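K.L.:
Please see the structure below; I have some questions.
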Amino acid sequence: MLALSAIAFSIIISHVIIDYQISNQKKDSYLINISGRQRMLSQKLSKETFLFKDEEDLVQRNFHVTSLKQTLNLWSESHQILTANENSGVVNQLFTLLDPYYQAMQKSAYQLISAVERDPNISTPLLSEHISIIKTNESHFLILMDRIVKQYEVEATEKVDQLRYIEFIIFAITIIILLLEFFFVFKPAASTVEEVILKLLVAEKKAVKMAYDADLLCDAKDKSVKELRTLNYAMDQTLLFCRISTTGEVIHMGDKFSNLLQVNAFAVNTKFSHLLTNSNEERKTIDNLIIEKNKSGWQGELIITNKSGNPMWLEMTMIPVSVAENKSEVLIICLNITERRMAQKEVERLNRERFENEMNQQKILSSKIVENQENEQNRIAREIHDGIGQMLTGLKFSLESIDLKNAEKSEEKIIYLKKLTEDIIKGVRTATFNLMPPEIKDHGVSSSLQRLTKELSKLTGKNILFINKTDFNQRLDSLIEINIYRVTQEAINNAIKYADSSHIVVMISHSESLLSVTIDDNGKGFDPSVVGTKKSSESGMGLEFMQERIKYINGRLFLHSALGEGTHITLNVPLADFTLNT
């Protein structure tokens with residue numbers, strides 16, 4: 001009690017001293033605020049009197065008089081509060097020096113207000129004397145007020161330092177009291193209490209351990225009961241669950257299983273096979289299975305006929321369980337996989353239909369490819385026969401008609417034969433170039449298309465331009481490359497032979513998943529709705545064959561043309577389906 005009383009006494013003393021000092025600090029703050037406001041009011045007073053100097057309007061003069069009165073009253077009231085306070089000697093001396101300037105300003109302000117109230121039309125020169133007095137004394141008043149404010153601040157700071165010093169002393173005394181109490185009061189008492197507590201803790205530890213062991217046993221029991229109830233409920237509601245004897249009689253059946261079979265859940269001592277199906281053969285099979293596997297267990301699929309006469313597939317698991325000595329049961333857990341089985345059958349049926357359709361389409365496509373290849377061979381034979389063959393026949397007859405005796409005519413025929421020979425060579429090169437692109441096996445589709453446009457431009461005299469917009473240089477499957485090449489070749493040949501095109505642009509571009517080839521010409525164009533997709537008897541491979549080739553490599557062909565507007569063809573081939581090599 002003595003130790004606690006000493007601590008309480010030191011706290012109370014420090015609280016009283018600090019509270020007293022804080023009260024003084026609040027008073028000092030108030031005075032500093034008043035003195036600062038007094039300085040501001042003196043400036044406002046001087047400003048408001050100065051407004052009378054050039055103001056002739058009576059309404060404005062009355063307004064200025066009212067404002068000046070309010071400012072003067074507040075200014076005078078603040079000065080009285082400051083002088084009436086118990087100030088220090090230095091502050092009182094400063095107020096003594098300030099008083100003459102204060103009196104002069106106050107007197108001139110009252111005189112100015114009285115003069116205006118007696119005669120609102122009084123001329124400005126008559127007021128100038130009062131305004132001048134206020135203006136002259138204001139600067140001295142402000143200087144002294146600044147000194148007073150600073151003196152208030154100095155005195156407040158000194159009080160704060162004094163409070164800090166007192167607080168430090170009280171803190172030191174409190175620490176000394178606590179140290180003395182620790183060594184002479186608390187430490188001896190703590191030793192005694194520690195011995196008693198240790199004895200109590202040992203006894204409590206033994207009691208807690210005994211209670212804890214008892215709680216563990218009780219909790220384990222409750223937990224086991226809850227888990228069994230939860231498991232039983234979960235199995236009843238979520239699983240196709242049933243307990244049967246080793247001879248096949250039902251001991252317990254879950255609610256979900258009984259609802260599925262549309263039987264009573266409490267139909268105990270009934271054969272499990274009789275609840276599953278009405279078919280005698282199926283019952284016999286299930287009974288034999290239970291007898292054979294009631295000790296080793298079994299897992300597999302079982303098909304039964306339900307009461308509605310529809311097939312039902314069950315994925316069944318039989319688990320032997322020992323419930324007591326010399327007593328066993330069989331736990332049966334089933335999954336209803338009827339929907340999955342039906343879905344599998346439907347998928348198999350759809351797959352068979354799709355396979356058959358694909359095979360039929362493949363046969364049709366193959367027959368079309370063979371047919372178009374025959375057309376292509378016929379076209380090449382016709383070109384050789386009609387073009388090169390006729391030119392060779394003409395060459396033969398021209399050679400036979402040369403008369404060496406007639407030198408002049410012989411020279412003309414030799415010149416004609418040279419020109420005819422050049423045309424034959426050009427025709428042979430065109431035919432052989434169209435048969436197999438020389439670069440496609442070694443350099444890929446991009447280089448082959450560039451060579452194709454260059455050679456055809458030389459052979460035909462047409463302006464054929466190739467643009468590799470995205471610098472495509474990847475290699476594709478050979479089947480993909482040759483089909484892209486053939487379709488592009490056919491589009492260029494059609495533009496040269498049938499569209500009367502003078503300019504043809506072949507552009508190739510690609511993204512991560514798509515390769516695009518566009519063929520634009522400035523030919524006469526045609527109406528796609530009239531031509532449709534039928535084969536052209538003149539062009540060898542028609543639009544239909546071009547589309548079949550692109551479709552064969554999972555691509556798409558887009559065609560836009562109009563009479564007199566040229567033709568635009570786009571080939572899009574997915575790159576994601578093929579392995580690319582740079």
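The values are calculated or read from the model by the stated rules, or taken from the named source; none is laboratory data. This is a predicted model, so every value here is computed, not measured. Note that we place each Cβ from the backbone using ideal geometry, even for glycine, and neighbour counts take in every protein chain shown. Surface areas here come from the heavy atoms of the whole protein model, side chains and all, with no ligands, DNA or RNA. Shrake-Rupley method; radii C 1.70, N 1.55, O 1.52, S 1.80 Å.
K.L.:
Mind listing the phi-derived Karplus ³J(HN,Hα) values for region 149-159, rounded to whole Hz, using 6.51, -1.76 and 1.60 with θ = phi - 60°, and x for any glycine or proline?
P.N.:
Result, rounded to whole Hz: 4, 5, 5, 4, 5, 4, 5, 5, 5, 4, 5.
K.L.:
Then there is this: Peptides 100-112, 116-128: what's the order by average Cβ count within 10 Å, highest mean first?
P.N.:
Order by mean packing, descending: 100-112, 116-128.
K.L.:
Please turn the phi angles of region 82-90 into ³J(HN,Hα) values with the Karplus equation 6.51 cos²θ - 1.76 cosθ + 1.60 (θ = phi - 60°), one per residue in order, whole Hz, x for glycine and proline.
P.N.:
Once rounded to whole Hz, the list reads 5, 6, 6, 6, 6, 8, 6, x, 5.
K.L.:
For a quick protection proxy, order the peptides 484-496, 87-99 by their average other-Cβ count within 10 Å, most packed first.
P.N.:
Peptide ranking by packing, descending: 484-496, 87-99.
K.L.:
Fully extended, how many nm does the chain gain between Glu301 and Asp423 (0.36 nm per residue separation, minus their Cα-Cα distance)?
P.N.:
36.0 nm
K.L.:
Mind checking the full-extension length gain between His274 and Asp222? Use 0.36 nm per residue of separation minus the Cα-Cα distance, one decimal, nm.
P.N.:
Stretched out fully, the His274 to Asp222 stretch lengthens by 14.9 nm.
K.L.:
Sort Ile32, Ile11 by heavy-atom solvent-accessible area, probe 1.4 angstrom, most to least.
P.N.:
Result of the area sort, largest leading: Ile11, Ile32.
K.L.:
Ordering Val59, Val225 by how much accessible area each has at a 1.4 Å probe, largest first, what is the list?
P.N.:
Sorted descending by solvent-accessible area, the residues read Val59, Val225.
K.L.:
What percentage of the solvent-accessible surface of region 50-133, computed with a 1.4 Å probe over protein heavy atoms, is contributed by carbon and sulfur atoms?
P.N.:
For region 50-133, the apolar C and S fraction of the accessible surface comes to 54 percent.
K.L.:
Normalising by the residue count of region 98-163, find the relative contact order in percent from Cα pairs under 8 Å and 6+ residues apart.
P.N.:
43 percent
K.L.:
What ranking do 306-319, 453-466, 513-526 get when scored by the average of other Cβ atoms within 10 Å per residue, highest first?
P.N.:
Top to bottom by mean Cβ count within 10 Å: 513-526, 453-466, 306-319.
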